[in-house]
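Presented below is the structure to which this report refers.
What follows is calculated from the coordinates using simple rules that are stated; it is not laboratory data. Fair warning: this is a prediction, and the values are worked out from it, not measured in the lab. Heads up, the Cβs are rebuilt from the backbone with ideal geometry, glycines too, and the neighbour counts pull from every protein chain shown.
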Amino acid sequence: MKHLTHLTIVFLIIFSSLYAEEKITSIKDVEFAPHKIKADTFLEYWALTFQFDDGSSLYNQFITTSKGVINGTAMVLNNFAVPSKKTLQLKDEFTDKDLKFDTAKQKLSLGKNQIIKSGSTYILHVENDKLTADIKLVSNSMGFQINDGFAYPDKTSKNTFVKTFNHVPFGTASGTIKYADGKTLNIKGFGTIEHGYSNELQPTYSKLWERFRLLSSDFAITMTDITASDKFKNTSMPQLIIAEKGKEPCAASDYKLTKSVYKKDGDNKYPTVFTLNATCGNYTIEGKWHTTKLNEKYEALQGMSWPVRKIAAMVAGEVTFYRSQNEYSFTITSKEKPEPVKLNGSGINETIFMK
């Protein structure tokens, strides 16, 4: 059952779109640490996304869970995508007792893997038999939560909740990635850090999750667009965040995102061309992006024995990830600046189907 842990990261993030308002509030440094609550099921994650200047990208996730459907497990996931090469998928498994946090050093550890917070700078160290990564991420925008950070699938009972933090909505990254054969890549680019915890696993709340990260030297445009399950009448739960370097970020849920030119893969069909028109705080944004390369297709239940896969499918469904590179072109207008800003670059798409 421990193989189910990495599926739940999807279902936690979706609730961040369920806020009634989009008020930005700052978060305290102490919120970076693991949280302890009394619950039959408890899951917490730290998710880091990087887009590097050479076109490569890295997804890194620290995940831990207490008990319930998944019992006392933790893991570090890494997906490193390099142009013209096969994506490297890595998973290192631990127990929840292996998760350590040094309060004095603000250091989160799982085995040899670490995230260290020092003010607005974060250091990621990943170490396994395939690669070693050392990446510094310096935040360019304030960390925040939306309202009090809590969201509830059922707003009446509030029995189930998730709390989400955007520690780094937009940051500048630099460092090295070293392969087992000794080859070392010097990388630089941009990144984000999200962090959340929940007292429940609720895969039935969504059947489609789309996530976009469009990063540049001055702006980060991030979106999460969720389609709820049939039980909730396929309600769309969108969220847009715009973070400008040195400015307070904004969040919006009322915007127009158009999707077209679908790619069919078996029973799944995902879009490859997007257009966006939105107003968020002081900003008006319009533009488009299109997929240039499928970095990976990943079936979350692959590699499991038939009995385990059968149980996993009953609990969390069949989950398929499509992670892609994109090229974007945007125009952003701000009430504080007389001239529009043109943005062109490479970003990341993620589409996740749940059945």
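Sorted from fewest to most neighbouring beta carbons within 10 Å, what does the list SER206, SER174 look like?
Result, fewest neighbours first: SER174, SER206.
What is the total of Lys pairs in segment 110-200 with C-alpha atoms under 29 Å apart, excluding same-chain pairs fewer than 8 positions apart?
Value for segment 110-200: 21.
With a 10 Å radius around each residue's Cβ, average the other Cβ atoms per peptide and rank 119-128, 163-172, 184-193, 35-44, highest first. Can you show the working numbers first?
Values: 119-128: 17.4, 163-172: 24.4, 184-193: 19.5, 35-44: 15.4.
Top of the packing list down: 163-172, 184-193, 119-128, 35-44.
Once the dipole of segment 73-115 is set up with Lys and Arg at +1 and Asp and Glu at -1 on Cβ about the Cα centre, which of THR73, GLN114, PHE101 lies farthest towards its positive end?
So the residue furthest toward the plus end is GLN114.
Classify segment 244-293: rounded, prolate or oblate, from the alpha-carbon gyration tensor (a ≥ b ≥ c, eigenvalue square roots; a/c under 1.5 rounded; otherwise prolate if a/b is larger than b/c)? Intermediate results must be reported in sequence, preceding the final value.
On the way: a/c = 2.85, a/b = 2.45, b/c = 1.16.
Verdict is prolate for segment 244-293.
Dipole of segment 92-158, Cα-centred, from +1 at each Lys and Arg C-beta and -1 at each Asp and Glu C-beta, to the nearest 20 debye?
Approximately 260 debye in magnitude.
Students often check this: by mean Cβ neighbours within 10 Å, which of 218-225, 103-110 ranks highest, and how do the rest follow? Spell out each step's value before the answer.
Details: 218-225: 22.1, 103-110: 15.1.
Put in order of decreasing packing, that is 218-225, 103-110.
Sorted from fewest to most neighbouring beta carbons within 10 Å, what does the list GLU22, GLU31 look like?
GLU31, GLU22
GLU327 versus ASP102, label points 7 Å from Cα toward the beta carbon: distance in nm?
That separation, rounded to one decimal, is 4.5 nm.
Starting at the first residue of segment 51-60, write each ³J(HN,Hα) from the Karplus equation 6.51 cos²θ - 1.76 cosθ + 1.60 with θ = phi - 60°, in whole Hz, x for Gly and Pro.
Using θ = phi - 60°, the values come out as 10, 9, 5, 7, x, 7, 8, 9, 9, 10 Hz.
Among 46-57, 257-268, how do they line up from the highest to the lowest mean number of other beta-carbon atoms within 10 Å?
On the way: 46-57: 21.5, 257-268: 11.9.
Result, highest mean first: 46-57, 257-268.
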